[in-house]
Amino acid sequence: MLDTIKLKYFQGNQFIPDIPNAPMRSQFRGFPILKKCEGCTLDESICPTGALKANPLSIDMGKCTLCGECKCEAVQFSNYYKLASTDRNKLIVTEDMTPEEFAKTAIEARKEIKRVFSKSLKLRQVSAAGCNGCEMELNACSNCNFDMGRFGIDFVASPRHADGIVITGPISENMAYALEDCYKSTPDPKIVILAGACAISGGVFQNSSKLNREFLEKYPIDLYIPGCPVHPLTFINGVLDFISKK
Amino acid sequence: MNWIVTENNKKINALDIPAVSIEEIKSDIENMKMRVVGFFGKQEYENVRLYVVMADDKIGKLYVTSTIFTPNMKSYESFTQKFPAFHIFEREFYEEFGIEPLNHPWLKPVRINQDKYPFFEMQGEDIHQVAVGPIHAGVIEPGHFRFMCLGEKVYDLEIMLGYQHRGVEELFLKNKRYNNRLAESVCGDSVIAYNMAYSQAMEALSGTEITSKAQIIRRVALEMERIAIHIGDMGAIAGDMAYLMGASIFGITRTLVINTMLEISGSRFGRGLINVGGVNFDIDDKMSDKIIEMLDGVAKTVDRTTKVMLKTPSCISRMERTGCVSAENAKALGAVGMAARSSGVDIDTRFDFNDKWYTSLDVVKPFKATGDVHSRFMLRYKEIKQSMQIVKKLLAKLKEFKSEAIKVTPNNMLAPNSFVISMTEGWRGEVVHIALTGANGELLRYKMKDPSFNNWYMLAMAVRNNGVSDFPLCNKSFNLSYCGNDL
């Protein structure tokens, strides 16, 4: 027992005190900054997911794996990590767009959502053919560093206890039924969050013949959180901005 | 014996691979006493050609041969009856090409047709079944488990996977460019291992020689991945024993390792670090010092926490003699990697298959394996320490190659009619990628094998005669991959 208490003492406090303003390492590839570059021709086909469009210059964060393959004078990646949006179309970053501009309008949640969920949001996660990258990062959201539970946001074991579901992965044919079943088992009112490039657009798997993404057409999606995988700060801040009254 | 002898990452001419009868292969396998690393088919006009790859770990050689099934040959006598390690390979081959291995003891689906899966049944008044999944209680990948229990005791566990099937092997063939990003996403917890195996296969096929510096950086990243995931797993094992102090401390200690990875490559799991032709990010002296400093700090915490855990009776009693797999069973099932080593099967492709960067390091790998959860926990601890040693030695070596470039422009044409086997020892075990090109250098077949593919059945063996409540602990102690299995 004494040893265990000693262990705790040696660790000190390691939680991130201010999640919304947590600093991010400069090397992190986050929000892309696009500038016109005279005389340079961008090869769209270097992008593994087709997120990059050369004319006019744009990057679709819903498809982007933030791999940095396209990095050049015209395309830079900032370490800005609040990439979530309630509107799929707003994830398309165009020339000269700044992170501040993006943040202003990215998340527009209905009043009812804030009223119902701002103090407590229990989520059921469904891995629909996710590669375990997003799953590991979502698990990390609940560790002692990020400690998402302090905001009343938690992952729960059953859809019956949940206020919404978080989908990761491109949704394989084999998971389509279980996913829909899970959604139906979640009591109303409920929200749907897509986490990661795979869930939002199919990501690197978008050309696979083994996917079944009908679910996304059938049901409304409330929040898109890009990343490959989603960084815990991107996820927590995305959800916080979505539910908090501010 | 009509087999081609080859090595890891060595290109061979596909036309040289002999085509012999299936009976001959079977009798050869009996004499060879080696383990299987590849058993897969390829459509050749109306015929199906079955390639068999065996590995000799003692001398680090690979043996390849093949057999041809004409359209009227619809079955053969299964290998599994004699060599249980083939069971999953034969099931996969049957599922993909419809050629039936006769008298296979459990010819069940691997990745498709889950609604028609014939589960084993047990009869009796006190027998009950527990069905779990595909969606599990935690934030993990999908898979279905079916327990046959008598009271609290598990008699048998059946594992039905396939929910993660995304057709990755096909996707590799559709690409016209090198697709390292797809390789990274096959299995997101083994990003470096998969990307390395893919890159090495492509480099062997295209004749691209990468610099020593790039090779060392790749291996540093591979070992850091091993350290990070092992620490995370030790935390998860602690969590499943309800030892929350361990879960919390290992959790935050892992963060230190992956955040250093973020500083190197811009991603916490090393995505975007490796490309065909080398690596995209350098490790300079400053970063090198930073890594060593981080590892020293992490080592201290891991040592201290492990020591306390091993002094805690409640932890020891949960881990010891839980989920045992004997060396004999592990070997028969063809187990590989960390799980096999923890049962006393001493195979490690880093050292067995002549990788000059590893064999020159002079690291010891002694381990007394008992095959239970405790053994897998301790093996992780020892491998973390070993990997730290390796990283430090590699970083010292890196200084000798300071002036070298980190990447070269790869040759974009793959050699025609070639065959290459690329194995990388990820944290879970050997990741095997096999590539086959056609007459114009186009990829005709891309076959991957995750260590989990061999090891899932080992988990089923481990939980036999254990309490059903020990399943999460056993499961976590293996931490097998769903997506690596389902592809």
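The values are calculated or read from the model by the stated rules, or taken from the named source; none is laboratory data. Here the structure is a predicted model, which means the values were calculated and not measured. Here the Cβ is made from the backbone with ideal geometry for all residues, glycine too, and neighbour counts use every protein chain on show.
Inspect the range A:32-41 for any residue being exposed (fewer than 15 other Cβ atoms within 10 Å of the Cβ), β-branched (Val, Ile, Thr) and in a loop (DSSP other than H, G, I, E, B) and give the result as yes or no. Scanning the range A:32-41 turns up at least one residue that is exposed (fewer than 15 other Cβ atoms within 10 Å of the Cβ), β-branched (Val, Ile, Thr) and in a loop (DSSP other than H, G, I, E, B). Screening the range B:183-210 for residues that are hydroxyl-bearing (Ser, Thr, Tyr) and assigned to a loop (DSSP other than H, G, I, E, B) and picking the one that is surrounded by the fewest Cβ atoms within 10 Å (Cβ to Cβ) gives B:208. Considering B:326, B:360, the condition of being more than 19 Å from the chain's Cα centre (by Cα) and over 30 Å from residue B:282 (Cα atoms) is satisfied by B:326 alone. Would you check which residues across the range B:89-133 are surrounded by 12 or more Cβ atoms within 10 Å (Cβ to Cβ), among the hydrophobic types (A, V, I, L, M, F, W, C) and either more than 20 Å from residue B:483 (Cα to Cα) or in the same structural domain as residue B:75 (by TED's automatic domain parsing) (or both) and list them? Within the range B:89-133, B:89, B:93, B:97, B:99, B:106, B:107, B:119, B:120, B:122, B:127, B:130 meet the criteria. The criterion of being closer than 26 Å to residue B:115 by Cβ and either crowded, with 21+ Cβ neighbours inside 10 Å or in contact with a strand residue (DSSP E or B) (Cβ under 6 Å, 6 or more places away or on another chain) (or both) does not hold for residue A:141.
Sub-6 Å Cβ pairs linking a first residue in the range A:228-243 that is among the acidic types (Asp, Glu) to a second residue that is assigned to a loop (DSSP other than H, G, I, E, B), at least 6 apart or interchain, are A:241/A:107, ordered by first then second residue.
Annotation: of all residues in the range A:57-79 being more than 13 Å from every other protein chain (Cβ to nearest Cβ) and in a strand (DSSP E or B), the one that is nearest to residue A:195 (Cα to Cα) is A:60.
Among the residues of the range A:105-117, not a single one is within 7 Å of another protein chain (Cβ to nearest Cβ) and in a loop (DSSP other than H, G, I, E, B). The combined condition, being modelled with pLDDT under 90 and of a type in the set (S, T, N, Q), is fulfilled by residue B:179. Taking the numbered list (1) more than 9 Å from chain A (Cβ to nearest Cβ); (2) of a type outside the set (Phe, Trp, Tyr); (3) touching a Ser or Thr at 6+ places or on another chain (Cβ under 8 Å); (4) surrounded by fewer than 16 Cβ atoms within 10 Å (Cβ to Cβ) in turn, residue B:153 passes all entries but (3).
Of all residues in the range B:15-41 being among the hydrophobic types (A, V, I, L, M, F, W, C) and over 16 Å from residue B:67 (Cα atoms), which is farthest from the chain's Cα centre (by Cα)? Checking each candidate, the answer is B:32. Looking across the range A:203-246, the residues that are among the hydrophobic types (A, V, I, L, M, F, W, C), out of contact with any strand residue (DSSP E or B) (no Cβ under 9 Å at 6 or more places or on another chain) and closer than 18 Å to residue A:170 by Cβ come down to A:204, A:228. Of the residues contained in the range A:204-215, one or more are found to be basic (Lys, Arg) and buried (at least 21 other Cβ atoms within 10 Å of the Cβ). Of all residues in the range B:237-269, which are more than 19 Å from residue A:233 (Cα to Cα) and not in a helix (DSSP H, G or I)? Within the range B:237-269, B:241, B:242, B:243 meet the criteria.
Residue pairs whose Cβ atoms lie under 9 Å apart, separated by 6 or more positions or on different chains, with the first residue in the range A:8-31 and more than 7 Å from chain B (Cβ to nearest Cβ) and in contact (Cβ under 8 Å) with a residue 40 or more places away in the chain and the second part of a helix (DSSP H, G or I) and surrounded by fewer than 16 Cβ atoms within 10 Å (Cβ to Cβ), are A:15/A:150; A:19/A:150. Residues that are part of a loop (DSSP other than H, G, I, E, B) and of a type in the set (A, V, I, L, M) within the range B:42-74 comprise B:59, B:73, listed in sequence order. Could you tell me whether any residue of the range B:285-301 is touching a residue at least 12 places away in the same chain (Cβ under 8 Å) and in contact with a Gly (Cβ under 6 Å, 6 or more places away or on another chain)? There is no residue in the range B:285-301 that is touching a residue at least 12 places away in the same chain (Cβ under 8 Å) and in contact with a Gly (Cβ under 6 Å, 6 or more places away or on another chain). Scanning the range A:42-56 for residues that are part of a loop (DSSP other than H, G, I, E, B), on the phi < 0 side of the Ramachandran plot, within 12 Å of another protein chain (Cβ to nearest Cβ) and not hydrophobic (A, V, I, L, M, F, W, C) yields A:43, A:48, A:49. Within the range B:254-266, the residues that satisfy the criterion of being surrounded by 21 or more Cβ atoms within 10 Å (Cβ to Cβ) and more than 9 Å from every other protein chain (Cβ to nearest Cβ) are B:257, B:260, B:261. Screening the candidates B:373, B:391, B:431 for the property of being surrounded by 15 or more Cβ atoms within 10 Å (Cβ to Cβ), touching a strand residue (DSSP E or B) at 6+ places or on another chain (Cβ under 6 Å) and either closer than 27 Å to residue B:338 by Cα or free of Cβ contacts under 8 Å to residues at least 12 places away in the same chain (or both) yields one hit, B:431.
I'd like to know if the range B:211-226 contains one or more residues that are in a loop (DSSP other than H, G, I, E, B), surrounded by fewer than 24 Cβ atoms within 10 Å (Cβ to Cβ) and touching an Asp or Glu at 6+ places or on another chain (Cβ under 8 Å). Checked the range B:211-226: at least one residue is in a loop (DSSP other than H, G, I, E, B), surrounded by fewer than 24 Cβ atoms within 10 Å (Cβ to Cβ) and touching an Asp or Glu at 6+ places or on another chain (Cβ under 8 Å). Within the range B:121-150, the set of residues being assigned to a strand (DSSP E or B) and either within 23 Å of residue B:165 (Cβ to Cβ) or within 14 Å of chain A (Cβ to nearest Cβ) (or both) comprises B:131, B:132, B:144, B:145, B:146. Only strands (runs of 3 or more DSSP E) whose full extent lies in the range A:137-246 are considered here, and the ones with at least 2 residues that are within 9 Å of chain B (Cβ to nearest Cβ) are A:164-168. Scanning the range B:237-250 for residues that are surrounded by fewer than 23 Cβ atoms within 10 Å (Cβ to Cβ) and either under 18 Å from the mean Cα position of the chain (by Cα) or among the small types (Gly, Ala, Ser) (or both), we see that the one that is farthest from the other protein chains (Cβ to nearest Cβ) is B:242.
For the condition in contact with a strand residue (DSSP E or B) (Cβ under 6 Å, 6 or more places away or on another chain), among the hydrophobic types (A, V, I, L, M, F, W, C) and on the phi < 0 side of the Ramachandran plot, residue B:336 qualifies. All of B:14, B:55 fail the test of being surrounded by 15 or more Cβ atoms within 10 Å (Cβ to Cβ) and at pLDDT below 90, apart from B:14. In the range B:381-487, counting only helices (runs of 4 or more DSSP H) that sit wholly within it, the ones holding 3 or more residues that are away from every other protein chain (no Cβ under 14 Å) and under 30 Å from residue B:155 (Cβ atoms) span B:451-462, B:471-478.
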